[in-house]
């Protein structure tokens with residue numbers, strides 16, 4: 001079965017989609033990347049696209065999700081914005097991916113040494129940048145409440161910022177919330193380390209959701 005096909009996506013589970021991302025990052029870190037035939041991918045995706053995952057990540061030039069997860073053309077929806085923040089247009093894009101295309105995994109990916117987070121912490125105010133950085137302030141407050149004040153503070157904020165974006169997506173999007181509750185999509189929070197290339201898949205809401213359902217059935 002071709003990777004870029006409607007059948008592939010329809011038969012893919014959220015768990016399997018997550019495994020593909022995990023395995024892809026292992027290949028990336030260990031320099032075992034797949035030799036992607038881009039011309040073949042162009043031919044395969046000419047009549048349609050069936051990305052198995054949608055990833056909201058930062059615009060940082062070092063965080064291309066296709067490279068980090070060793071994927072090719074047509075594999076991923078990539079939504080990029082400074083600080084991987086959430087707004088109306090991003091929510092609409094996420095909803096389109098999971099409801100109308102059928103992507104099985106929704107991930108928010110932050111990264112270490114994030115310039116947007118450092119600028120927010122420094123209180124930078126300039127043009128439209130001000131409004132964007134204001135959306136990161138709750139994550140800074142969250143990290144401070146946890147007592148995170150060492151030299152890794154900005155990276156701790158990156159984790160909090162991913163958590164806040166996931167929470168905001170679930171709170172503001174009934175479409176995502178409904179599909180997630182039905183087990184039709186997986187929700188993952190992760191942080192990319194720009195020094196090692198490794199992704200820390202620290203927030204697996206999919207597994208947590210399954211455990212809660214199992215516990216409820218047991219009762």
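The values are calculated or read from the model by the stated rules, or taken from the named source; none is laboratory data. Since this is a predicted model, take the numbers as computed values, not measurements. Reconstructed Cβ throughout: ideal geometry from the backbone, glycine too, with neighbour counts over all protein chains shown.
Residues are listed down the side, and each one gets a yes or a no for (1) within 12 Å of the chain's Cα centre (by Cα); (2) modelled with pLDDT of 95 or more:
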site: 47; (1), (2): no, no
site: 60; (1), (2): no, yes
site: 63; (1), (2): yes, yes
site: 79; (1), (2): yes, yes
site: 82; (1), (2): no, yes
site: 86; (1), (2): yes, yes
site: 92; (1), (2): no, yes
site: 95; (1), (2): no, yes
site: 98; (1), (2): no, yes
* Asked: With (1) part of a loop (DSSP other than H, G, I, E, B); (2) modelled with pLDDT under 95; (3) loosely packed, with under 15 Cβ neighbours inside 10 Å; (4) at negative phi as the list, and residue 148 as the residue in question, which single condition is left unmet?
  -> (3)
* Asked: Which of the residues belonging to the stretch 201-219 are in contact with a helix residue (DSSP H, G or I) (Cβ under 8 Å, 6 or more places away or on another chain) and either loosely packed, with under 15 Cβ neighbours inside 10 Å or at pLDDT 65 or above (or both)?
  -> 201, 202, 203, 204, 205, 206
* Lone qualifier among 124, 176 - being buried (at least 22 other Cβ atoms within 10 Å of the Cβ), in contact with a helix residue (DSSP H, G or I) (Cβ under 9 Å, 6 or more places away or on another chain) and either within 30 Å of residue 13 (Cα to Cα) or at pLDDT 95 or above (or both) -> 176
* Would you tally the residues in the stretch 1-24 being in contact with a helix residue (DSSP H, G or I) (Cβ under 6 Å, 6 or more places away or on another chain) and modelled with pLDDT of 95 or more? => 1
* Just for the stretch 22-45: of the residues that are in a helix (DSSP H, G or I) and surrounded by fewer than 11 Cβ atoms within 10 Å (Cβ to Cβ), which one is nearest to the chain's Cα centre (by Cα)? -> 38
* To do: May I ask you to list the residues in the stretch 46-77 that are without any contact (Cβ under 8 Å) to a residue 24 or more places away in the chain and in a loop (DSSP other than H, G, I, E, B)?
  => 46, 47, 59, 61, 64
* So which residues in the stretch 86-118 are part of a loop (DSSP other than H, G, I, E, B), under 30 Å from residue 153 (Cβ atoms) and in contact with a strand residue (DSSP E or B) (Cβ under 9 Å, 6 or more places away or on another chain), if there are any at all? -> 86, 112
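Which ones in the stretch 180-197 are closer than 15 Å to residue 14 by Cβ and buried (at least 22 other Cβ atoms within 10 Å of the Cβ)?
185, 186, 187, 188, 189, 190
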